[in-house]
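Trainee: My questions all concern the structure below.
The values are calculated or read from the model by the stated rules, or taken from the named source; none is laboratory data. The structure displayed is predicted, hence computed values, not measured ones. Here Cβ is always computed from backbone atoms with ideal geometry, including for glycine, and neighbour counts include all displayed protein chains. With ligands, DNA and RNA removed, areas are computed over all heavy atoms of the protein, side chains included. Shrake-Rupley method; radii C 1.70, N 1.55, O 1.52, S 1.80 Å.
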Amino acid sequence: MPALGVSVLAGRDGRTQLGILDPGLGYYSQVTVADVTDDGISELFFNDRQTQAALRTYPQAELLWSQKSERISRHYDNPLLFDWDRDGELEFCICRPEGQLVVRNAVSGEVEAECTFPCLVDNDAVARVTPTIEMIASDINGDEVTDLLFGCGTKLYAISTKTDSAGRLRLLWSHAFTAAVKTPVVADVDRDGRAEVLIPTANSRLHCLDGLP
């Protein structure tokens with residue numbers, strides 16, 4: 001069986017430029033790329049079932065940092081890079097199945113914050129919201145605070161990253177559909193200067209929602 005890992009391919013012809021072998025960490029996830037060390041070279045970020053990691057890609061592949069967790073995540077927990085604390089630097093954010101958002105320093109991997117998603121009442125049962133599709137980050141209401149958008153079953157949730165004193169994230173709004181939701185996209189569809197949310201659903205429909213609550 002060939003060794004598992006990540007390949008970096010040339011954009012023009014698809015030739016392999018760099019092969020990154022898996023050093024026993026079990027990478028099996030989406031990746032995201034950003035230059036967080038300000039050296040002009042992008043790093044690769046992973047979020048797998050129990051491992052978060054960052055790798056350098058040039059001039060040779062090497063591990064920047066990796067962190068293991070005893071709490072098993074899910075494969076849809078995509079790695080997300082955005083400026084969590086609005087200091088001009090990107091943070092590495094992941095969500096946990098128990099409804100927790102973990103914010104790590106993108107350069108060192110150290111945990112900077114742990115926040116909880118809001119609890120909602122659905123059919124008389126109280127449950128903490130957790131994503132079942134890829135989560136995206138965007139300021140959808142124009143308050144200069146990054147918001148999180150994700151689906152959970154047939155509902156789309158918009159969550160503000162502005163927390164209360166207990167570290168709880170705030171629900172901006174939610175919208176229920178008749179079929180499972182897929183990954184949303186934020187764009188100014190009607191060119192009115194405000195964000196709209198495009199959301200496909202499993203019944204082959206595309207919906208457009210106003211980003212404001």
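Trainee: Multiply the residue gap between Arg205 and Asp39 by 0.36 nm, knock off their C-alpha separation, and tell me the result in nm, one decimal place.
Mentor: 55.5 nm
Trainee: List every residue whose amide H lies under 5 Å from the amide H of Ala61, counting only residues 5 or more places away in sequence or on a different chain, with H placed 1.01 Å from N in the peptide plane.
Mentor: Hits under the 5 Å cutoff: none.
Trainee: Further question on the same structure: Would you tally the net charge around Ala106, using a Cβ to Cβ cut-off of less than 9 Å, leaving Ala106 out, and scoring K and R as +1, D and E as -1?
Mentor: My count for the surroundings of Ala106 gives -2.
Trainee: Largest first and to the nearest Å, give the Cα extent of region 166-213 along each principal axis.
Mentor: That works out to 40, 28, 14 Å along the principal axes.
Trainee: Could the peptides 51-63, 151-163 be put in order, highest first, of the mean number of other beta-carbon atoms found within 10 Å of their residues?
Mentor: On the way: 51-63: 16.8, 151-163: 18.9.
Answer by packing, highest mean first, reads 151-163, 51-63.
Trainee: Can you work out the accessible area per residue across region 131-185, with the rest of the protein chains kept in place, probe 1.4 Å, in square angstrom?
Mentor: So region 131-185 comes to 42 Å² accessible per residue, rounded to a whole number.
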